[in-house]
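Asks: Supplied in structure tokens, the structure appears directly below.
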Amino acid sequence: MTAEGPRIRPAAPDDAPALARAVVRNREYMKPWEPYRAERYYTVEGQVERLADGGVRWFAVDGDEIVGVATLSGIVRGPLCGASLGYWIDRDHAGRGLATALVAEACRAAREELGLHRVEAGTLLDNHASQRVLAKGGFVRIGTAPRLLHIDGEWRDHHLFQRLLHDDPPPA
């Protein structure tokens with residue numbers, strides 16, 4: 001991103017207050033794409049727990065505010081050597097290339113810092129904006145999973161995507 005706009009950086013444990021503000025600010029906006037969240041999720045304490053859950057995160061930040069998040073979760077070593085990618089952008093910053101930048105940074109770090117071979121992601125069938133972000137990031141669609149996640153009150157089908165980062169053997 002440019003010096004004047006949001007920048008991307010790794011998450012830190014002391015980001016919990018800003019992350020709580022971001023999820024509260026975007027609660028209704030994200031509802032069509034998010035699973036049900038308990039009220040604790042929307043608190044600083046809930047975000048402290050989230051930041052300690054073993055995922056690796058990057059934030060798009062604008063001043064003191066978090067305006068986007070990318071997370072690699074379910075990191076598996078050995079012969080799979082992969083992770084799942086999730087991301088979201090603040091309602092007031094959508095459509096500006098932040099999701100594409102966050103996905104690129106997560107994939108760069110997955111390969112260069114974590115030594116991963118593969119990153120996967122899923123989108124609701126009608127989330128065309130997210131599908132475009134993944135395509136720009138080098139992901140290819142590999143299938144559709146019926147009733148994969150419980151989102152906005154019902155089990156929803158998802159298109160599945162992957163990006164192969166390299167063909168080197170797994171780290172020893």
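Asks: Once you place label points 7 Å from the Cα toward the Cβ at D152 and D126, how far apart are they in nm?
Replies: With each label point 7 Å from Cα toward Cβ, the separation is 0.6 nm.
Asks: So how strong a dipole does the range 114-172 carry about its Cα centre when Lys and Arg Cβ are +1 and Asp and Glu Cβ are -1, to the nearest 20 debye?
Replies: Values: 7 positive and 7 negative charges, 29 e Å.
I would put it at about 140 debye.
Asks: Where Lys and Arg each count +1 and Asp and Glu each count -1, what net charge lies around R163 among other residues with Cβ under 10 Å from its Cβ? Can you show the working numbers first?
Replies: Numbers: positive: R111, R118; negative: E120.
Summing Lys and Arg as +1 and Asp and Glu as -1 gives +1.
Asks: Here's a follow-up. Using only alpha carbon pairs under 8 Å that are at least six residues apart, calculate the relative contact order of the chain and give it in whole percent.
Replies: Numbers: 301 pairs, mean separation 35.3, N = 172.
That works out to 21 percent.
Asks: Ok, one more. Please give me, ordered by residue number, the GluC sites (Glu not before Pro) of the range 1-60 that lie in loop per DSSP and have at most 10 other Cβ atoms within 10 Å. List each step's numbers first, then the result.
Replies: Numbers: sites: E4, E28, E39, E45, E49; in loops: E4.
Counting only loop positions with at most 10 other Cβ atoms within 10 Å, the GluC sites (Glu not before Pro) in the range 1-60 are E4.
Asks: From the square roots a ≥ b ≥ c of the eigenvalues of the alpha-carbon gyration tensor of the range 1-116, which class results: rounded (a/c under 1.5), prolate (a/b over b/c), or oblate?
Replies: Because a/c hits 1.5 or more and a/b fails to exceed b/c, the range 1-116 counts as oblate.
Asks: Using a 1.4 Å probe over the heavy atoms of the protein chains, calculate the carbon and sulfur portion of the accessible area of the range 48-172 as a whole percent. Write out the running numbers ahead of the final one.
Replies: Details: 3260 of 6390 Å².
So the carbon and sulfur contribution to the accessible surface is 51 percent.
Asks: Per-residue HN-Hα couplings for the range 64-70, Karplus 6.51 cos²θ - 1.76 cosθ + 1.60 at θ = phi - 60°, whole Hz, x for Gly and Pro?
Replies: Values per residue, Gly and Pro as x: 9, 9, 7, 10, x, 9, 10 Hz.
Asks: Can you work out the Karplus-derived ³J(HN,Hα) for every residue in the range 122-127? Use 6.51 cos²θ - 1.76 cosθ + 1.60 with θ = phi - 60°, whole Hz, and x for glycine or proline.
Replies: Using θ = phi - 60°, the values come out as x, 9, 4, 4, 9, 8 Hz.
Asks: On to the next question. Please compute the per residue accessible area over the range 74-119 with all protein chains in place, 1.4 Å probe, rounded to a whole number of Å².
Replies: Values: 2040 Å² over 46 residues.
For the range 74-119, the per-residue accessible area is 44 Å².
Asks: What does the helix-only formula give at 222 nm for the chain: each DSSP H stretch with n ≥ 4 adding -39500 (n - 2.57), the total divided by the residues, and the result rounded to the nearest 500 deg cm²/dmol? Show your work: numbers first, answer last.
Replies: On the way: 5 runs with 46 residues, N = 172.
My calculation for the chain gives -7500 deg cm²/dmol from helical runs alone.
Asks: Within the range 7-33, what residues put their amide N at less than 11 Å from the label point 7 Å along the Cα-to-Cβ vector of E105?
Replies: 7-12
Asks: Nothing charged except the Cβ atoms of Lys and Arg (+1) and of Asp and Glu (-1): what's the magnitude of the dipole of the range 1-121 about its Cα centre? Round to the nearest 20 debye.
Replies: On the way: 16 positive and 18 negative charges, 70 e Å.
Dipole of the range 1-121, to the nearest 20 debye: 340 debye.
The values are calculated or read from the model by the stated rules, or taken from the named source; none is laboratory data. None of these values were measured; they are calculated from a predicted model. Every residue, glycine as well, gets a Cβ built from its backbone with ideal geometry; the counts of neighbours run over all protein chains shown. With ligands, DNA and RNA removed, areas are computed over all heavy atoms of the protein, side chains included. Shrake-Rupley method; radii C 1.70, N 1.55, O 1.52, S 1.80 Å.
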